[in-house]
Amino acid sequence: SRIVVLVSGSGSNLQVIIDKCEQGLINGEVVAVISNVEKVYALERAYKHNIPSHTLTHTAFETREAFDHELQKIIEKYSPDLITLAGFMRILTPNFVAAFAGKMLNLHPSLLPKYPGLNTHKRALENADDVHGASIHFVTSELDGGPVVLQSAISIMHNDTPETLAKKVSKCEWLIYPMAIKWFCEGRLRLHQERVWLDNKKI
Ligand code: GRF
């Protein structure tokens, strides 16, 4: 499968996806990396693996729709089977989401439906939650609201801080994102009637 990865920052999840594809664990290939922020390390990671990359600075566009339309055109040039948002910090318009419905996954650093949006680690601590973690979901027009594919949880310890939690959650992300992508590339994972199906069973 042909995978396009959208990034905004360090690209630690991009790196895991690249590595698992190169190791043959994911039956796929990252064919392009697109960032909405210049000079982020994720672009360096793409360069090191000879993967074409594009930077689309959203400040150069008048509207969210104009940005998304340009982004869609770039993505479509690569005829992807799957688009993965990996640390991509943009809210996408319904038209863009509709163009890739059922073939776009997102990673979110919380146990959805808890804490959609930002500052998830801080919020989990403030709520004195016992557990926290990461989620992979299909992207729908609802922010961080699409049907969940896979989650990984960790215990929150009394001395945890947002930083220590972020580190533990990253390890969850690096575990579940390749797993979900592997399933998708093997044709085992589908979004159907707004529900997630794995091996033709609703999960
Ligand atoms: C991660 O915390 C991820 O959950 C969030 O962006 C952060 C960085 O991701 N969406 P990456 O290292 O750029 O993959």
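The values are calculated or read from the model by the stated rules, or taken from the named source; none is laboratory data. Keep in mind it's a predicted model, so treat the numbers as computed, not measured. When we count neighbours, we look across all protein chains shown, and the Cβ atoms used for this are built from the backbone with ideal geometry, even at glycine. Accessible surface areas use protein heavy atoms only, side chains included; no ligands, DNA or RNA. Shrake-Rupley method; radii C 1.70, N 1.55, O 1.52, S 1.80 Å.
A few remarks follow.
- The single residue among Ala124, Ala134 that is within 14 Å of the ligand (Cβ to nearest atom) and either open to solvent by 50 Å² or more (accessible area, probe 1.4 Å) or over 21 Å from Ala180 (Cα atoms) (or both) turns out to be Ala124.
- Scanning the range 53-63 for residues that are free of Cβ contacts under 8 Å to residues at least 24 places away in the same chain and either in contact with a strand residue (DSSP E or B) (Cβ under 8 Å, 6 or more places away or on another chain) or surrounded by 15 or more Cβ atoms within 10 Å (Cβ to Cβ) (or both) yields Ser53, His54, Thr55, Leu56, Phe61.
- Residue check, Glu22 away from the ligand (no atom under 16 Å from the Cβ), under 22 Å from Ser170 (Cβ atoms), over 16 Å from the mean Cα position of the chain (by Cα) and open to solvent by 10 Å² or more (accessible area, probe 1.4 Å): yes
- For Ser10, the conditions (1) within 15 Å of Ala180 (Cα to Cα); (2) touching a residue at least 40 places away in the same chain (Cβ under 8 Å); (3) open to solvent by 40 Å² or more (accessible area, probe 1.4 Å) are fulfilled apart from (1).
- If you go through the range 1-22 and keep only what is more than 12 Å from Ala46 (Cα to Cα), in a helix (DSSP H, G or I) and aliphatic (A, V, I, L, M), you end up with nothing.
- Close contacts from the range 105-116, counting a first residue that is on the phi < 0 side of the Ramachandran plot and a second that is near the ligand (Cβ under 8 Å from one of its atoms) and assigned to a loop (DSSP other than H, G, I, E, B), with Cβ to Cβ under 8 Å and a gap of 6+ residues or different chains, come to Asn106/Phe88; Leu107/Ala86; Leu107/Gly87.
- Taking the criterion of being surrounded by fewer than 14 Cβ atoms within 10 Å (Cβ to Cβ) and either touching a residue at least 24 places away in the same chain (Cβ under 8 Å) or in a helix (DSSP H, G or I) (or both), the residues of the range 143-165 that qualify are Leu143, Ser155, Thr161, Glu163.
- Residues within the range 64-89 that are in contact with a Ser or Thr (Cβ under 7 Å, 6 or more places away or on another chain) and either open to solvent by 70 Å² or more (accessible area, probe 1.4 Å) or assigned to a loop (DSSP other than H, G, I, E, B) (or both), tallied: 6
- Enumeration of residues in the range 26-52 that are open to solvent by 60 Å² or more (accessible area, probe 1.4 Å) and within 16 Å of the ligand (Cβ to nearest atom): Glu38, Lys39, Tyr41, Glu44, Tyr47, Lys48
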